[in-house]
Amino acid sequence: MNIGIVCYPTYGGSGVLATELGKALADKGHNIHFITYQQPVRLNAFHANIFYHEVSVPTYPLFDYPPYETALASKMVDVIINNDVQLLHVHYAIPHASAAYMAKQILKKEGIQIPVITTLHGTDITLVGKDKTYSPVVTFSMNESDAITAVSKNLRDETYRNFKMEKDIEVIYNFVDIKRFERTPVQAFRQIIAPKNERILLHASNFRRVKRVDDVVNVFKEVNKQIPSKLLFVGDGPERTHIEGLCRQMDAHADVKFLGRQEQMEDILAITDLFILPSEYESFGLVALEAMAAGVPVISTNVGGLPEINIEGVTGFLSNVGDVENMSKNITHIFSDDIAFKEMKKNALEQAQKFDISTIVPVYENLYKKVLGE
Ligand code: GMT
């Protein structure tokens with residue numbers, strides 16, 4: 001098939017997922033056309049079946065807000081016509097679903113039928129999408145899609161609750177390439193981070209408020225008092241400066257390191273003991289799944305789609321949002337029981353295997369065939 005994929009090209013989970021999906025489909029022989037404003041971060045190697053079409057948005061003195069959506073829809077039309085693209089798969093509803101609707105209407109006039117699949121990822125529904133500023137357009141364009149998918153049951157239900165949906169939403173879970181995370185720890189790296197074999201805790205995110213990174217710091221403060229430990233932060237975003245300030249005020253500030261944005265998560269996870277994700281909301285928590293794929297148990301909140309991935313007492317622990325005490329208690333408990341910890345690591349990997357790329361990608365392929373009437 002010739003497939004158009006539209007996503008955010010940045011470090012966010014939706015862009016990562018969309019890019020990995022495109023790469024996996026290309027490996028299976030499909031031609032993939034990425035349409036986005038920048039080369040997607042995970043699109044980092046040449047592949048004969050992958051094409052990247054950059055959307056450029058010319059500026060003009062009149063434009064305080066350059067019309068990205070118009071440029072995107074026009075690019076979609078151009079790419080579809082000139083590359084015989086058969087379907088468009090857009091990730092993150094805003095503004096991709098409405099741009100796709102516009103492209104579809106333009107192409108209809110040319111006698112070209114182009115099915116659109118919209119995959120909902122989380123904040124496009126739960127934070128941004130349901131805001132009155134956007135909701136009429138989001139509702140309309142979702143309903144005009146030929147198929148809608150959500151990355152968890154929780155996100156599907158949230159969408160039904162918050163929008164007047166006229167179409168069914170299919171749940172297709174996010175996936176991970178388990179093989180990528182089969183790494184043996186680089187001892188030299190572990191030795192530098194934890195020279196006295198301290199436990200290593202990790203948090204990775206885009207440092208937005210929804211991630212509650214303050215809670216990571218407060219959890220670590222408690223844990224570090226009882227267990228020799230180190231904390232690694234991966235990623236960057238609006239809260240990072242504030243979090244660095246908080247860490248500097250801590251007695252254990254020398255035990256914390258900020259690694260910034262990193263592409264080789266598998267190498268960092270290979271030396272990690274526990275992953276912390278205290279978010280206020282996660283539709284899925286792709287980064288938690290990546291941790292589990294590396295056999296790293298997850299300390300998370302019990303919100304959104306997280307309980308569909310992280311199983312209480314089995315693959316990690318779940319706490320109420322903001323319950324720093326409970327999270328710290330769970331960490332010290334699991335670190336003081338080597339047998340239970342080993343079992344939990346094994347369970348985490350087994351759970352991640354259920355979300356392996358080899359299981360989920362064919363589900364998308366079947367959906368593509370369905371919308372194409374095959
Ligand atoms: O808002 C974000 O955190 C970024 C957003 C995105 O665009 O990547 O993440 C959402 O989609 C990911 C991939 O499906 C999910 O793993 C994240 O849980 C989800 N974020 C939220 O729901 C907050």
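The values are calculated or read from the model by the stated rules, or taken from the named source; none is laboratory data. It should be emphasised that the depicted structure is a prediction, and the values quoted were computed from it without experimental measurement. Using ideal geometry, Cβ is built from the backbone for each residue, glycine included, and neighbour counts are taken over all protein chains shown.
Give region 138-166 a look and list any residue that's more than 13 Å from the ligand (Cβ to nearest atom) and within 21 Å of I5 (Cβ to Cβ), or say none. Of everything in region 138-166, those that are more than 13 Å from the ligand (Cβ to nearest atom) and within 21 Å of I5 (Cβ to Cβ) turn out to be V138, S141, M142, E144, S145, D146, A147, I148.
Scanning region 107-127 for residues that are assigned to a helix (DSSP H, G or I) and more than 19 Å from P9 (Cβ to Cβ), we see that the one that is nearest to the ligand (Cβ to nearest atom) is T126. The set of residues from region 261-317 being aliphatic (A, V, I, L, M), away from the ligand (no atom under 13 Å from the Cβ) and part of a strand (DSSP E or B) comprises L274, I276, I299.
Of the residues making up region 41-58, one or more are basic (K, R) and touching a residue at least 12 places away in the same chain (Cβ under 8 Å).
Residues that are touching a residue at least 60 places away in the same chain (Cβ under 8 Å), crowded, with 23+ Cβ neighbours inside 10 Å and within 28 Å of S283 (Cβ to Cβ) within region 73-98 comprise M76, V85, L88, H89, V90, H91, Y92, H96, listed in sequence order.
Among the residues of region 234-258, those identified as over 28 Å from the mean Cα position of the chain (by Cα) and either surrounded by 15 or more Cβ atoms within 10 Å (Cβ to Cβ) or polar (S, T, N, Q) (or both) are Q249, M250, A252.
Note on region 128-149: residues that are assigned to a helix (DSSP H, G or I) and touching a strand residue (DSSP E or B) at 6+ places or on another chain (Cβ under 9 Å) total 3. Screening V6, V41 for residues that are at pLDDT below 95 and not charged (D, E, K, R) leaves exactly one candidate, V41. Right, I125: farther than 30 Å from A288 by Cα and surrounded by 20 or more Cβ atoms within 10 Å (Cβ to Cβ) or not? So I125 fails the test.
Pairs linking a residue in region 154-173 that is within 19 Å of L367 (Cα to Cα) and free of Cβ contacts under 8 Å to residues at least 24 places away in the same chain to a residue that is of a type outside the set (D, E, K, R) and part of a loop (DSSP other than H, G, I, E, B), with Cβ atoms under 8 Å and 6 or more positions apart or on different chains, are V171/V151; V171/S152.
Of the candidates K104, K130, the single residue that is on the phi < 0 side of the Ramachandran plot, out of contact with any Lys or Arg (no Cβ under 7 Å at 6 or more places or on another chain) and more than 14 Å from the ligand (Cβ to nearest atom) is K104.
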